[in-house]
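Here is the structure we will look at.
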Amino acid sequence: MKVLELFEPAAIDVSDEDARMDAVIQALVNAGETVKRYDIIGMKKDFAENEMVENLLDAEGPEVLPITLIDGVLVKQGGYPSNTEIANWFGITEDTIAACCRASGKGCGSCGGCGGKHES
């Protein structure tokens, strides 16, 4: 099993991208993966304790967020991973992610998890 760590900027408003990431994370947890999600405001200690994340923030500023690590290896920075990237990295299907999106109760397409391909 892999460990996904997501270092995020402060969430002021919940966006469609936040809802999509919630569905992605639920799909990974359902598949038995470990997910650790860190918010820069509420979890400054976790940011400071990760040397790679701290160095990226020092060098590039907060625009580098979100930062995605898998098993401690940087796989993406400056944007959330796509459903396709997550599916490829973890060996799950995009339909698995879409099912979690639909199950969120917000309806198909609201978070982009299924790309609007499925009925809610």
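Phi-derived couplings, Karplus 6.51 cos²θ - 1.76 cosθ + 1.60 at θ = phi - 60°, listed residue by residue for the stretch 72-81: x, 9, 5, 10, 6, 9, x, x, 6, x Hz, with x used for Gly and Pro. Scalar couplings 3J(HN,Hα) for the stretch 24-33, obtained by applying the Karplus form with A = 6.51, B = -1.76, C = 1.60 to θ = phi - 60°, are 4, 5, 4, 4, 5, 4, 4, 7, x, 7 Hz; x denotes Gly and Pro.
In nm, what is the difference between 0.36 nm times the number of residues separating Val73 and Glu85 and their Cα-Cα distance?
Residue separation times 0.36 nm, minus the Cα-Cα distance, leaves 2.9 nm.
Here the spin labels are modelled as points 7 Å beyond Cα on the Cα-Cβ line, and at Met52 and Asp39 they lie 2.4 nm apart. For the pair Asp18 and Val3, the difference between a 0.36 nm per residue extended length and the Cα-Cα distance amounts to 3.5 nm. A cut-off of 5 Å between modelled amide H atoms, ignoring neighbours fewer than 5 places along the same chain, links Arg37 with Leu6. So, counting K/R as plus one and D/E as minus one, what does the shell of residues with Cβ under 12 Å around Tyr80 add up to? Combined, the nearby Lys, Arg, Asp and Glu give -3. For the stretch 56-62, the Karplus equation 6.51 cos²θ - 1.76 cosθ + 1.60, evaluated at θ = phi - 60°, returns couplings of 5, 5, 5, 7, 10, x, x Hz by residue, with Gly and Pro reported as x.
Values quoted throughout were computed directly from the atomic coordinates according to the rules given, and no laboratory measurement underlies them. Because the structure is predicted, anything quoted here is derived from the model rather than measured. All Cβ positions, glycine included, derive from the backbone under ideal geometry; neighbour counts span all protein chains shown.
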